[in-house]
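Worksheet: one structure, shown below.
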Amino acid sequence: MRSFSLKGRLVIAASILLTLILSILPLPDMIAPFRPDWLLMTLIYWSIALPHRANVGTAFFAGLVLDILLGSVLGMHALALVIPIYIAASQFQRMRNYSVWQQAFVVGALTILNKLLILWAAYMNRDVQLDYQYFWSIVSTMVFWPWIFLLLRKCRRQFALS
């Protein structure tokens, strides 16, 4: 049973590490505003699928790592990830019953909350201006959610995580 627990932790940690890499990967200026929020999608999936393994603590730690990687104020992304993940984890039974497309709209709402929390924290720290391109990533996150969901579900079933 102990190796099973370690295997589950490694699979979740590897998926979070991969999404952290995707989050900092440089993109051309033309498509950079459309970068999906890979880390948020992955954390939402794991908090819905395995809420006893990945939850608010995992989101906080991943947010701190993302803050370090992006060079932002320490705790800004951690706060912005913890609140949507708390909502997703507290409603995991309800979200499991939604279809993938309905879940995409819920993920879009959680992404809006995440973006607004990041904007608020950045505004409190320094004077930032809101750009209309800031919210394009919400649409791409909603579009990519079904594929991320199916990919992570296949990964969870292949490694028999529960």
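Quick note: the coordinates plus some simple rules give every number you see, no bench work behind them. This structure is a prediction, so every number in the text was calculated from the model and none was measured. Here Cβ is always computed from backbone atoms with ideal geometry, including for glycine, and neighbour counts include all displayed protein chains.
Things to note:
- Note that segment 156-162 has calculated 3J(HN,Hα) couplings of 5, 6, 5, 8, 6, 8, 8 Hz, one per residue in order, obtained from phi through the Karplus relation 6.51 cos²θ - 1.76 cosθ + 1.60 (θ = phi - 60°); glycine and proline are x.
- The phi-based Karplus calculation (6.51 cos²θ - 1.76 cosθ + 1.60; θ = phi - 60°) puts the 3J(HN,Hα) values of segment 107-121 at 4, x, 5, 5, 5, 4, 4, 4, 5, 5, 5, 5, 4, 4, 5 Hz, whole numbers, x for Gly and Pro.
- Shown in residue order for segment 136-152 are the 3J(HN,Hα) couplings computed by the Karplus curve 6.51 cos²θ - 1.76 cosθ + 1.60 at θ = phi - 60°: 5, 5, 5, 5, 5, 5, 5, 5, 7, 4, x, 6, 5, 4, 5, 5, 6 Hz (x for Gly and Pro).
- Rounded tilt (10° steps) of 2-24 against the dominant C-alpha axis of the chain: 20
- Packing rank of 137-144, 24-31, where each peptide gets the mean count of other beta carbons within 10 Å, highest leading: 137-144, 24-31
- Charge dipole of segment 2-158 (Cα centre as origin; +1 on each Lys and Arg Cβ, -1 on each Asp and Glu Cβ, all else neutral): 940 debye, rounded to the nearest 20.
- Packing here is the average count of other Cβ atoms within 10 Å per residue, and on that basis the peptides 61-70, 95-104, highest first, run 61-70, 95-104.
- Angle between the chain longest axis and helix 56-70 axis [Cα atoms, degrees, rounded to 10]: 40
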